[in-house]
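*Asks:* The structure is given below, and queries will be raised subsequently.
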Amino acid sequence: MNSANPNPLLYLPDMQPEELNYIQSITRDLTPQQLEQFVYLYRTKRKDNQTIMIVALAGFAGFAGIHRFILGQIGMGILYFLTLGFCGIGTIVDLLNSRSMTNEYNQRQAFESLRMVQMGFR
């Protein structure tokens, strides 16, 4: 990252406001170097809401549950796959909730990235 840029969070341009607020609140005590490390880690782990929504739509084409695998919910992914997304109803519910599911996943990844940086990730 360019050291002339004072805010590494600008390298995450597709963040929603609630995600940005969360990231700013948990990283406010980090040094500039730690913040740079955090952004590097978090950028590799976070998922985009639109991607999750598109993959959830694939459930209607017989690929139900792939979005659950992507979000780290292996058991639910298997269940969705075997039941065709609970006969489509679960897929519809997940489409409506895709933003909150993605935000929850990203918050967990942000917290994990923060802990790694605080423990001295290099």
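*Asks:* Once each part is reduced to its C-alpha centroid, what is the distance from the stretch 86-122 to the stretch 23-42 in angstrom?
*Replies:* 18 Å
*Asks:* At 20 °C and 1.002 mPa s, what whole-number value in µm²/s does Stokes-Einstein give for the translational diffusion of the stretch 64-122, with Rh from the Kirkwood sum over Cα pairs?
*Replies:* Stokes-Einstein gives a translational diffusion coefficient of 171 µm²/s.
*Asks:* Roll a 1.4 Å probe over the protein chains and send me the accessible area per residue for the stretch 1-83 in Å².
*Replies:* 59 Å²
*Asks:* If the only charges are +1 at each Lys and Arg Cβ and -1 at each Asp and Glu Cβ, what is the size of the charge dipole of the chain around the Cα centre, to the nearest 20 debye?
*Replies:* In total the dipole reaches around 240 debye.
*Asks:* What Kirkwood hydrodynamic radius, in Å, does the chain give when the mean of 1/r is taken over all pairs of distinct Cα atoms and then inverted?
*Replies:* 15.5 Å
*Asks:* How much of the accessible area of the chain, probe 1.4 Å, is carbon plus sulfur, in whole percent?
*Replies:* Exposed carbon and sulfur together represent 62 percent of the surface.
The values are calculated or read from the model by the stated rules, or taken from the named source; none is laboratory data. Given the structure is predicted, the values throughout are model-derived calculations rather than measurements. Cβ: placed from backbone, ideal geometry, glycine included. Neighbour counts: every protein chain shown. The protein model used for the area step is the full one, side chains on, heavy atoms only, and it has no ligands, DNA or RNA in it. Shrake-Rupley method; radii C 1.70, N 1.55, O 1.52, S 1.80 Å.
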